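Worksheet for the structure shown next.
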Amino acid sequence: MALALLLGWGVLQARSWVLPGTEAHGASIPYAECGEVLVHGVNPGGSLYPSFHMPLSSLVAARLFSRVRPGPRPWREAAILAGLLSVAGLCVLSGSLAAAVPVLFVLLALPDLWPRHNTYIQFFYALFVFQAALALVWRTSSPTPARTVVLAAAIGASLLFRSPLLLLPPLLAGLEWLDRAKSGRKWAVNAAILLTVPYLPLLPWIVMNWVIHQQLAISERGESSPNTISAPGGPVHYSEEFWRAQVRAEPRLQSQHLPQVLSWAFEQIARHPLRYAKGFAGRFVFALSLQPWLFALAVAGAWVRRREASARALSLLCVYYLLIHCAIAVLPDYMVPLWPLLAVLAAMLIVPWTAKADEAASRAVPVVRAWLLFTVAASALAAVEADGRAARYAWLAARRSPASDEALSGALAASPDDGWLHYRRGWRRLKAGDRPGTVEDWTRASALRPDNAFWSLHRDWAVSLAGDSKPLLAWSGTLSPLTREAEKLDPDLLKAYAYSRQGRSRPAKEHLLAAHSMLVKSHPGEPLMSLEMLWDRVRELFSDLPPEEWIPLWNELHHLFDDPASRKVSFLDDPMREAVVKLQARGLPREAKALAVKLLRLRPDSAALWTDKAVLEAEAGSWETAAADLRRAIADDGAFLPAYLSLGAVYVRLGRPGEALKIYDRALKLPGASDDPRRAELRSARDETARALRDRK
């Protein structure tokens, strides 16, 4: 009776809890975007989608967040009830139905535990972890091949959603080998099942990644990279600023190809084992500090019940989950699926195991078994759909590019009333310069989804680009909490763009500062990363427009953030400088030089722009002019190493290696040069120039 009341209370309470997916800056939307790409078989964005997230997590997000209106929906209560039933089932299989009462009460009463206040990915991934735990504990009473298949299927479905359980099957197979004396020949069958069945669902995903990227990818392609790249450096938490700096410094990491990322990470760990060990220990302590009382009770409960196979199996899963996350840089919500499992172990200490309790649990075991088989079957069906979508995408990609206009037109012909497709085609038309077409598509998308304030904002922006800024400047909608963090900047950035085009500097600056403040508030203590993210969104929005249209906005940004540290960020992320490079790459050196000169009229003290112009002059054969531009760059910013590197190369080309050596030596003696990734280039250029000078003498 108490258990039924707790389950009902949990479902009713769910209506007042935060919708999973609204936390962590609308983390569900990137998953939903990947899901839409898989559903339609097209990739209008041309990015890492659909490989950035695992296919099942993408499809679930598309079903829940992209294709229906946000707000309270029955799926939330159903998902919470399913999770609570699985946790109660763990208590039953562990020997006591009564233990479910305190466990569920703790989960529902405390705000930091599942299912309250969690991101989309952790909320739903916890369901897969509970299912795997349930199958693992159920198997301990009779480790038959049939039960091993159920466990393997549960793990396999979880791997299509997220990859932390990737190494669990080999670990379990190893334990089968160690226990082979007791199980006889059956251990080999179980080990073979564990080493094959969980990975079969990954085959279509692997094939899809090979077809579209010609790379081997068995897990998230890109999403796991920040954690893996950050870990060898020793930080406890995943840091956007830290891992971006690593990627900029190491060309191998820029492709986000998993084998290259892992090889680099292992090299760094081998070179700095103590640093990595310190980070591992720090993450372990951090995890313990999140729920110290729960860890203490769980360890005590596991010790008291250590002779019981169910307690040992659940303890093994908890230890594996904890250690696999200590191996990479973490965030607090990564541990969310672990808390209910620890609560079950803790209940083993609190609730006495009596003969009466064992009898009640025994009667409930068939119900739990039926529930487990039902959830595994449902997960398997969802996995089949995810694999089918991945296989279809690979087949379509082999026939024609998913990013082609033909693919997008075909998808629209098949689904003419799909707002997402119209919205994405509007972006493509904007990049192609077809502004009336953009207005048409974004107006159609907004009509199909009138609840989507983000699309209506972009519709008004398209109207502004066509010559009428009034709707955009008057826009006062409220973006969904599911909106990505970067996209929440759009109301301020787009209005700043419109005001800057009108020559109204003051309101433009106000909106730019508002956008930056929003990021600083979300990332306290990381102002430079916030500025980098601001530049990234400016690039996403405006880099495909003619440069002269958003030069005023670019100028306002530089005026607002003009300190040395901000200038360094601007050098790395300035999309207007990228526009110069693009023109040059397209074989338009005159246009590239004209743009550089135009930018220098606005920013005559920009060392980065003088260096860009010097490169253009050198390619045109004007070496003396290039040298003069680089000397001007160094005069404006004596710490700007790219100018020194380029000036040394120009002096060598002009037959003045002695002056080149002086420039290189001067750069290498600068404060902070030892930490700059270009130091190796400077040293190499200096040594090569010195050898050439000795040979000449």
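The values are calculated or read from the model by the stated rules, or taken from the named source; none is laboratory data. Every value quoted in this text rests on a predicted model; they were computed, and no experiment measured them. Note that we place each Cβ from the backbone using ideal geometry, even for glycine, and neighbour counts take in every protein chain shown. Side chains are part of the model used for accessible areas, which takes the heavy atoms of the whole protein and leaves out ligands, DNA and RNA. Shrake-Rupley method; radii C 1.70, N 1.55, O 1.52, S 1.80 Å.
What are the lysines whose alpha-carbon lies under 29 Å from the alpha-carbon of Lys613, with same-chain residues fewer than 8 places away excluded?
Cα-Cα hits under 29 Å: Lys431, Lys509, Lys568, Lys582, Lys593, Lys598, Lys662, Lys669.
Rounded to the nearest 0.05, what FRET efficiency do Ala270 and Val106 give with R0 = 45 Å and r taken as the Cβ-Cβ distance? Could you check?
Given R0 = 45 Å and the Cβ-Cβ separation, E is 0.60.
Would you kindly calculate the translational diffusion coefficient of segment 120-167, applying Stokes-Einstein with the Kirkwood radius from alpha carbon pairs, for 25 °C and a viscosity of 0.890 mPa s, and quote it in µm² s⁻¹ without decimals?
The Stokes-Einstein estimate is 226 µm²/s.
What size of dipole, in debye to the nearest 20, comes out for the chain about its Cα centre when the only charges are +1 on Lys and Arg C-beta atoms and -1 on Asp and Glu C-beta atoms?
1160
Tell me the label-point distance for the pair Arg185, Glu77, using the 7 Å Cα-to-Cβ offset, in nm and rounded to one decimal.
Reported label-point gap for Arg185 and Glu77 is 5.4 nm.
Nearest 0.05, what FRET efficiency do Leu560 and Lys662 give at R0 = 30 Å with Cβ-Cβ as r?
Efficiency computed from Cβ-Cβ geometry: 0.25.
Compute the projected area of the convex hull of the Cα atoms of segment 384-438, averaged over all viewing directions, and report it in nm² to one decimal place.
4.3
Of the accessible area of the chain, with the probe set at 1.4 angstrom, what percent is carbon plus sulfur?
That share works out to 61 percent.
Using helices alone, I'd like the mean residue ellipticity at 222 nm for the chain: each DSSP H run of four-plus residues gives -39500 (n - 2.57), total over residue count, nearest 500.
-23000 deg cm²/dmol
Would you please give the FRET efficiency between Ser141 and Arg678, computed as 1/(1 + (r/R0)^6) with r the Cβ-Cβ distance and R0 = 51 Å, to the nearest 0.05?
0.25
With the Cα gyration tensor of segment 587-697 in hand, convert its eigenvalues to equivalent ellipsoid semi-axes via √(5λ) and list them largest first in whole Å.
So the three semi-axes of segment 587-697 are 25, 17, 10 Å.
How many Å² of accessible area per residue for the chain, probe 1.4 Å?
So the chain comes to 43 Å² accessible per residue, rounded to a whole number.
With point charges of +1 on the Cβ of Lys and Arg and -1 on the Cβ of Asp and Glu, referenced to the Cα centre of the chain, which listed residue (Thr483, Ala690, Leu317) lies farthest in the positive direction of the dipole?
The Cα lying farthest towards the positive end belongs to Leu317.
Take the eigenvalues of the Cα gyration tensor for segment 480-543, scale each by 5, and report the square roots as semi-axes in whole Å, largest first.
Output for segment 480-543: semi-axes of 20, 13, 11 Å.
Using only the Cα atoms of segment 83-134, build the gyration tensor, take square roots of its eigenvalues as a ≥ b ≥ c, and label the shape rounded, prolate or oblate: rounded if a/c is under 1.5, else prolate if a/b is larger than b/c, else oblate.
Oblate, because a/c is 1.5 or more while a/b does not exceed b/c.
Over all pairs of distinct alpha carbons, what does the Kirkwood formula give as the hydrodynamic radius of the chain, in Å?
Radius from the Kirkwood sum: 28.4 Å.
Once a ≥ b ≥ c are taken as the square roots of the eigenvalues of the Cα gyration tensor of segment 65-218, is the result rounded (a/c under 1.5), prolate (a/b larger than b/c) or oblate (a/b not larger than b/c)?
Here segment 65-218 falls in the oblate category.
Give the long-range amide H neighbours of Val330: residues separated by 5 or more places, or on another chain, with amide H under 5 Å away, using H modelled in the peptide plane at 1.01 Å from N.
His237, Tyr238
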